[in-house]
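Data block below; observations after.
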Amino acid sequence: MATEREKEVTVRADTVELPGFLTVPEGARAAVVFAHGSGSSRLSSRNRFVARVLNRSGIATLLFDLLTEEEDRVYERRFDIGLLTERLMKATVWLKGEPEAEGLSLGFFGASTGAAAALAVAAEMGADIGAVVSRGGRPDMAPSALSRVRAPVLLIVGERDPTVIQLNREAYDLIEAEKDLRIVAGATHLFEEPGALEQVADLAARWFTRHLLASK
């Protein structure tokens, strides 16, 4: 099992400072940036659980707040995909400049609206991003990016989340890169059922290991 080194960091995006956690397992060869969903933060218990599973697979993780506390109080900001995309882009550029992340292949893990931002940034950064995973995501909120994404994309949705399943199926048809859609049996939108989040984490770890580590 890889030895983990977690530290609190500050991601600077223009005039704002966004707190986060950067965890780099010993010998890490890849890093995944998390883009949380509306109303969530770097403290999301679900994302932190997935991050720990990735860390145990030797993958570094960055969890950070896409919005400041003041911004998050404005409900509409949580659905401002343009702003979330800009923040995720700046965080990714920041990570690439950190000594611990030098030479690491990069991927995104997005939840809810954060998945739209992850796909939008992946479309812009092209070959710099090696894989994207969406958990209960809203890829439909980044329609113009879907056909431009070149990184392999894994969409994960709960079986008992019918509206989001349909939105993901429609988005899946527009993605031209390598892709997969997995539906977790018995799971609702937040994957709160026993064993559901473990399945998400396992699927994500396998996807990132396959696409971020295989060529390293």
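The values are calculated or read from the model by the stated rules, or taken from the named source; none is laboratory data. Keep in mind it's a predicted model, so treat the numbers as computed, not measured. Quick reminder, even Gly has a Cβ in these numbers, built from the backbone with ideal geometry, and neighbours come from all protein chains shown. Surface areas here come from the heavy atoms of the whole protein model, side chains and all, with no ligands, DNA or RNA. Shrake-Rupley method; radii C 1.70, N 1.55, O 1.52, S 1.80 Å.
Quick notes on this structure:
- Single unsatisfied condition, LYS90 versus (1) touching a residue at least 24 places away in the same chain (Cβ under 8 Å); (2) within 23 Å of GLN199 (Cβ to Cβ): (2)
- Selection from segment 99-133 of residues that are buried (at least 16 other Cβ atoms within 10 Å of the Cβ), part of a loop (DSSP other than H, G, I, E, B) and over 12 Å from the mean Cα position of the chain (by Cα): LEU104
- Lone unmet requirement of (1) touching a Ser or Thr at 6+ places or on another chain (Cβ under 8 Å); (2) part of a helix (DSSP H, G or I); (3) within 17 Å of ALA31 (Cα to Cα); (4) not small (Gly, Ala, Ser) for ASN168: (3)
- Applying the criterion of being under 20 Å from THR92 (Cβ atoms) and small (Gly, Ala, Ser) to the residues of segment 39-56, the residue that is modelled with the highest pLDDT is ALA51.
- Just one residue in the set ALA111, ALA115, ALA101 is in contact with a helix residue (DSSP H, G or I) (Cβ under 6 Å, 6 or more places away or on another chain) and modelled with pLDDT under 95; that residue is ALA101.
- Boolean, ARG169 is under 16 Å from VAL33 (Cβ atoms), basic (Lys, Arg) and open to solvent by 10 Å² or more (accessible area, probe 1.4 Å): no
- Complete set of residues in segment 172-201 that are farther than 13 Å from ASP161 by Cα, open to solvent by 70 Å² or more (accessible area, probe 1.4 Å) and not in a loop (DSSP other than H, G, I, E, B): ASP173, LEU174, GLU198, GLN199
- Hey, GLY137 in contact with a Phe, Trp or Tyr (Cβ under 9 Å, 6 or more places away or on another chain), open to solvent by less than 20 Å² (accessible area, probe 1.4 Å), in contact (Cβ under 8 Å) with a residue 24 or more places away in the chain and farther than 16 Å from SER105 by Cα or not: no
- Residue list for segment 161-213, restricted to those being among the hydroxyl-bearing types (Ser, Thr, Tyr) and more than 16 Å from VAL50 (Cβ to Cβ): THR163, TYR172, THR188
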